[in-house]
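*Asks:* Take a look at the following structure, please.
What follows is calculated from the coordinates using simple rules that are stated; it is not laboratory data. On a predicted model such as this, the values are computed, not experimentally measured, just so you know. In this analysis, Cβ positions are derived from the backbone assuming ideal geometry, glycine residues included, and neighbour counts consider all displayed protein chains.
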Amino acid sequence: MPRCLLPRSLLLFHPLLAFLRVFFRGAPWHSVFTSLYDPAVNDLSLAASRLRQARSVVAITGAGISAESGLRTFRGSTAASAAELPRDMQALWAEFDPQTLATPEAFEADPEKVSRWYDWRRLGCLAAEPNPGHLALAAIERSVTASGGSFTLLTQNVDRLHHRAGSTNVVELHGNIIQWRCTSTHRVIDLPPEPFATFPPPSPFAKGALLRPHVVWFGEMLPPQALEAAAAAVQSCDLFLSIGTSAVVYPAAGFLHAARQNNAFTIEINAEPTAASRIVDICIQGSSGDILPSLANAAFSPPSS
Ligand code: OAD
């Protein structure tokens, strides 16, 4: 459990320490300095006050935010309790091998198996509903923009639940699973909420071509427009939220580091400690469906008289 080794106010506000912290960021021995700088743990009121003051907010979400909508994460908290969980709630990569399902080579080798798996997941996403975490993030976006600030939501999720919850400025880093695209023309198609009739599904746009999910597979480039939009937002943000992601898959995981380099205040919300927990300013442990509504309320609800 991260803990504060020196009084946090000293580390944050002493001018010399603040200067050294910024000046030597990136130096090889900087980690010695940052090891004195453990995150505040579960400080919701500090997080709310920083969120209320922020003018440019970026949030990045991962599979954890959709867990309370019944969608399985890829890895994560199942480590301790995996054996007790029913199989259909275990982390996906604990049951399936990403090399045989989530790469261009896997699709080339066995398009029927890969498209069946992605169609199963597509239907699961369509059947799921946004949960209080998704709804609270959309409310936070409205509050920040209503007061003249900017809010950008970077998501690694392909389920489209943020859109359905009312978030508007969403950057899909890994594409989406709801739409599929032609392997020949790359045209994107909206699909009805029913399973495909045949696997692999033929493309309606080019003879002999197939449809593939409009997601990013391991070994593929992220969409350039998404990367550019994300980089621009991170460059200018003063507050960065990392929510429900194990923070191990790059380049998405790199945005937190970039935000820190730009001196944004960083907050993590996750069910368990992650690769990011020790480097953020505040680390809040718990479910995003509980914490995000509390954070939104604490930051933006007028105090009751
Ligand atoms: P992961 O499955 O790696 O991590 C999910 C995180 O959510 C874990 O750290 C969990 O502890 C946390 N978590 C679980 N339930 C939660 C809850 N209710 N509230 C808050 N946190 C919770 O998912 P991602 O980080 O999104 O890429 O994974 C990144 C990428 O790896 C995915 O986009 C996908 C995957 O392989 C591709 O398929 C290309």
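*Asks:* If neighbour count is taken as other Cβ atoms inside 10 Å, put Tyr250, Tyr118 in order from fewest to most. Mind dumping the intermediate values first?
*Replies:* On the way: Tyr250 10, Tyr118 22.
Ordered from fewest to most neighbouring Cβ atoms within 10 Å, Tyr250, Tyr118 come out as Tyr250, Tyr118.
*Asks:* For Ser242, list long-range residues whose amide hydrogen, built 1.01 Å from N in the peptide plane, is under 5 Å from its own amide hydrogen.
*Replies:* Ile60, Ile267, Glu268, Ile269
*Asks:* Excluding Glu129 itself, calculate the net charge of residues whose Cβ lies under 14 Å from the Cβ of Glu129, where each Lys or Arg counts +1 and each Asp or Glu counts -1. Provide the component values of the computation, followed by the final result.
*Replies:* On the way: positive: Arg160, Arg164; negative: Glu68, Asp159.
Counting the neighbours of Glu129, the net charge comes to 0.
*Asks:* Name the residue farthest towards the positive end of the dipole of the stretch 122-238 from the options His162, Asn176, Leu135, assuming +1 on Cβ of Lys and Arg, -1 on Cβ of Asp and Glu, about the Cα centre.
*Replies:* Among His162, Asn176, Leu135, the one farthest towards the positive end of the dipole of the stretch 122-238 is Asn176.
*Asks:* Specify, per residue and in Å³, the volume enclosed by the convex hull of the alpha carbon atoms belonging to the stretch 194-305.
*Replies:* 199 Å³
*Asks:* In what order do Ile267, Ile65, Ile279, Ile140 fall by count of nearby beta-carbon atoms within 10 Å, going from fewest to most?
*Replies:* Ordered by Cβ neighbours within 10 Å, fewest first: Ile279, Ile140, Ile267, Ile65.
*Asks:* Next question. For Met89, Met221, which order do you get if you count the other beta carbons within 10 Å of each Cβ and list the fewest first?
*Replies:* If I rank by nearby Cβ atoms, fewest first, I get Met221, Met89.
*Asks:* Can you tally the net charge around Arg116? Count Lys and Arg as +1, Asp and Glu as -1, for every other residue whose Cβ sits under 12 Å from the Cβ of Arg116.
*Replies:* Taking every other residue near Arg116 into account, the sum is 0.
*Asks:* Now for a different question. Tell me the net charge near Arg75. Cut-off is 12 Å between Cβ atoms, Arg75 excluded, with +1 for each Lys or Arg and -1 for each Asp or Glu.
*Replies:* Values: positive: Arg72; negative: Glu95, Glu272.
Residues near Arg75 contribute -1 overall.
*Asks:* Give, in nm to one decimal, the length gained when the segment between Arg142 and Arg52 is fully stretched (0.36 nm per residue of separation minus the Cα-Cα distance).
*Replies:* Here the segment from Arg142 to Arg52 would lengthen by 31.2 nm.
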